[in-house]
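The values are calculated or read from the model by the stated rules, or taken from the named source; none is laboratory data. For clarity, every value in this text was computed on a predicted model and none was experimentally measured. Cβ: placed from backbone, ideal geometry, glycine included. Neighbour counts: every protein chain shown.
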Amino acid sequence: MQIPQRRSQKDRKPIEGPVYLTKEGIRKLEEKLRRLKHQRPALTEDLSVALQKGDLSENAEYQDARAKLSRTDTQILITEDKLRRVVEIPPPDPSRGVTIGSTVVVLVDGVQRSYQILGSDESDPALGKISHQSPLGSALMGKKLDEEVTMTSASGKEKTYRIIALS
C-alpha cells in the first residue's frame, strides 16, 4: 500500500550535499536510527491490532497508529539518507584559518565570544555552536588570527568581529 503524499511533500526537492558531523554527532545519528528501527515492529503490531477492529473510516486508533508508523518510517529514511551523505569533521588546523570544526574566539564590542563552527545539523547558537552556513559562520570561514569581519545586524547596525584565538 502506498501512502499518499501531501502536495508540499511532492514539491519538496531532495536535500543534497554533504552532512558535516563530528564523531559525537555521527554516533548520535546512528543511535537515533537504531532506536527508530527498534520502535518500528511495535508500531507495526499496533497498526495490525487496530486494523482488526473494523471500519477504518471511523477507527481513530487505526488512524493514530498509521500516522505514528508513517512518521517513524519518514524519520528512518531521513536518518539513513543523512548517514549516507555524512562527512566527518576533521580536527581543525589553525594554520589554514577558520574551517568546519574550528573554535573561534572573537572580540566584538569589547566582549569576548567563543564560537565552534559546525555543520547545520549540530549547530546550537545558544551553546556557541554555529553553522558554517550561518551569516557569521560563513563570514568567518577561511579567516585567520587577528583578521576582522564586519557584519550588519538585522537592525542595520554594523558589528566588527576580530579573531583573537583560533583552535
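Taking the options Pro94, Pro41, Pro125, name whichever one is under 21 Å from Leu140 (Cβ atoms) and loosely packed, with under 15 Cβ neighbours inside 10 Å.
Details: Pro94 fails: loosely packed, with under 15 Cβ neighbours inside 10 Å; Pro41 fails: under 21 Å from Leu140 (Cβ atoms).
Residue meeting the stated conditions: Pro125.
Between a first residue in the stretch 148-159 that is more than 10 Å from Leu136 (Cβ to Cβ) and small (Gly, Ala, Ser) and a second residue that is at pLDDT 90 or above and in a loop (DSSP other than H, G, I, E, B), which pairs have beta carbons less than 6 Å apart while being 6 or more apart in sequence or on different chains?
none
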